[in-house]
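Working notes, structure below.
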Amino acid sequence: MHDASEEEMTNRSASARGFFHATPDLISHFEMDTHPRGCTLAVAEAVGRQFAKATSLAMPLCHPVQITAIEFQVSFPASSRSEGNASIAVASTVRARSPVGVEMESIMAVMGYLAST
């Protein structure tokens, strides 16, 4: 971990993207919000936010960052629905006013979202 005490506070932003691959039937449940477990994507978003906020606890040498915004974009690519496979594409954008970047927070947001779907 480097000494960030002399770094200037600036607006920081980082984005990350990931995919969850499953059967078309399961992906359809997510897309139509008809999964037996309920509104799984809303829960996934909450988990993604918590993962981003806890990045400095989970990742060695990451500075704690006061996040000002976390946004998610979720899509269901039609091109992925072939040969018995389908996917959910999740992108996150994390913003903060900080002396250090927020790249790891954005990656952790996507990881949390996908891990809980």
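Using a Förster distance of 22 Å, how high is the FRET efficiency between A54 and A89, based on the Cβ-Cβ distance and rounded to 0.05?
It comes to 0.40.
Between helix 103-115 and the chain there is an angle of about 30 degrees, using the helix long axis and the longest principal axis of the Cα atoms.
The modelled label-to-label distance for the pair F72/E6, using points 7 Å beyond Cα in the direction of Cβ, is 4.1 nm.
Read through the labelled values [x] 23.9, 74; [y] 17.1, 53; [z] 16.2, 54 and report the label of the one computed as Rg and Dmax of the Cα atoms in Å from the structure. The listed entry that was calculated here is [z]. Legend: ranking of residues E8, E45 from fewest to most surrounding C-beta atoms inside 10 Å; resulting order E8, E45.
One decimal place: the segment V43-A115 gains 24.8 nm when fully extended, by the rule 0.36 nm per residue minus the C-alpha distance.
Laboratory data are not the source of any read-out in this text; all were calculated from the coordinates shown. Computed from a predicted structure; not experimentally measured. Note that we place each Cβ from the backbone using ideal geometry, even for glycine, and neighbour counts take in every protein chain shown.
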